[in-house]
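Worksheet: one structure, shown below.
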Amino acid sequence: MKLKQIVLFIGIIFADQISKWMIDLNMMVGESITLIPNFFRITYLHNTGAAWSMLDGKQGFFFIITIVAFILMVYFYHNAEKNDYLTRYGLIMMMAGTIGNFIDRIVFHHVRDFLDFVIVGYDFPVFNIADIALCIGVFLIFVSVFLEQYYGGASTCEK
């Protein structure tokens, strides 16, 4: 792993944990602060499930799945083409997001969420920085696969 990839990995985990810590210090669970009416609130919630609180309370399951998923991500990272930067950075972001939420599950037995958006009338599930990293990572990998499929080459965007 290159130094900038290590910095990205550690930076995401640090930003995730610091933001959760700041919310934890300054808000009560269930409290909500509107920042942009009808669009964005900080709403502090504890999630013992996965996205949209699926499988709520199945902590043992999440421990096992997280460890297996992380091992697979490391494997795919090490087996990705060296010049496929979108896949490699996508995997780094996914690994960092996975670790960010895993820390919460180990330490608190729930994930701390606080970013709350309403877009076009839909109130999205509350999420955190680790979730953003996971989603961006998945998106980068989809873009890489798309470029490979339709343009026949690895997605080289860095030298």
Volume per residue that the Cα convex hull of the range 41-102 spans, once the total is divided by residue count, Å³: 96 Å³
Furthest towards positive pole of dipole, Phe127, Gly100, Leu35, structure part the chain, Cβ charges: Gly100
222 nm mean residue ellipticity, helices alone, for the chain (DSSP H n ≥ 4; -39,500 (n - 2.57); rounded to 500): -20500 deg cm²/dmol
Translational diffusion of the range 2-95, µm² s⁻¹ [Kirkwood Rh, Cα pairs; Stokes-Einstein; 10 °C; 1.306 mPa s]: 99 µm²/s
Average accessible area per residue (Å²) across the chain - probe 1.4 Å, nucleic acids and ligands excluded: 59 Å²
Nearest-ten-degree value, helix 129-151 long axis tilted from longest Cα axis of the chain: 30 degrees
13 Å Cα cut-off, lysine pairs counted over the chain (separation 8 or more, or different chains): 4
For the chain, the Rg and Dmax computed from alpha carbons only, in angstrom: 17.0, 51
Carbon and sulfur %, accessible surface of the chain computed with the full protein complex present, 1.4 Å: 73 percent
Where only C-alpha atoms are counted, convex hull volume of the range 64-157 per residue in Å³: 117 Å³
The chain: angle of helix 3-26 to the longest principal axis, Cα-based, in degrees nearest 10: 10 degrees
Using alpha-carbon coordinates, inclination of helix 85-108 to the longest axis of the chain, degrees: 30 degrees
Spin-label model distance (nm) - Ile106 vs Val74, 7 Å beyond Cα toward Cβ: 1.2 nm
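The values are calculated or read from the model by the stated rules, or taken from the named source; none is laboratory data. Since the model is a prediction, treat every value here as computed from it, not as a measurement. For neighbour counting, all protein chains shown are included, and Cβ atoms are generated from backbone atoms with ideal geometry for every residue, glycine included. Heads up: the accessible areas ignore ligands, DNA and RNA and are worked out on the full protein's heavy atoms, side chains in. Shrake-Rupley method; radii C 1.70, N 1.55, O 1.52, S 1.80 Å.
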